[in-house]
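Encoded as structure tokens, the structure appears first; notes follow it.
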Amino acid sequence: MNLQKKWNAQLSKIKKGDKRLLVRDMLHEMARLKLGKRDLARKLKTSRAQLDRILSPTESVSLQALEKTARALGCRVVMKLVKK
């Protein structure tokens, strides 16, 4: 299975939600850059298991870890407070 199909399979499992949207965008960017999880883990100087936790839509991780991952992908995280 090629990398694009692999990421598309993971993306299809992610539904709307807080971290889920951010993870979806990160997976899209990884696919666009043709960057595998092993390569991204090396870039972050972390283990593949830790990267899996960061990219899991259900695992709790720090905002710092999400920001560091976004920077490694050439992106940044933007948060916004909106009144109901």
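Remarks
- Residue 38 vs. criteria at pLDDT 95 or above and exposed (fewer than 13 other Cβ atoms within 10 Å of the Cβ): yes
- Residues in the range 17-50 that are of a type in the set (Val, Ile, Thr) and under 13 Å from the mean Cα position of the chain (by Cα): 23 only.
- Criterion violated by residue 25 - all others in (1) in a loop (DSSP other than H, G, I, E, B); (2) at pLDDT below 95 satisfied: (1)
- For the range 51-84, filtered to residues that are assigned to a loop (DSSP other than H, G, I, E, B) and under 10 Å from the mean Cα position of the chain (by Cα), the residue that is surrounded by the most Cβ atoms within 10 Å (Cβ to Cβ) is 55.
- Residue match in the range 17-35 (condition: of a type in the set (Asp, Glu) and closer than 18 Å to residue 74 by Cα): yes
The values are calculated or read from the model by the stated rules, or taken from the named source; none is laboratory data. A quick note: this is a predicted structure, and the numbers were derived from the prediction, not measured. Here Cβ is always computed from backbone atoms with ideal geometry, including for glycine, and neighbour counts include all displayed protein chains.
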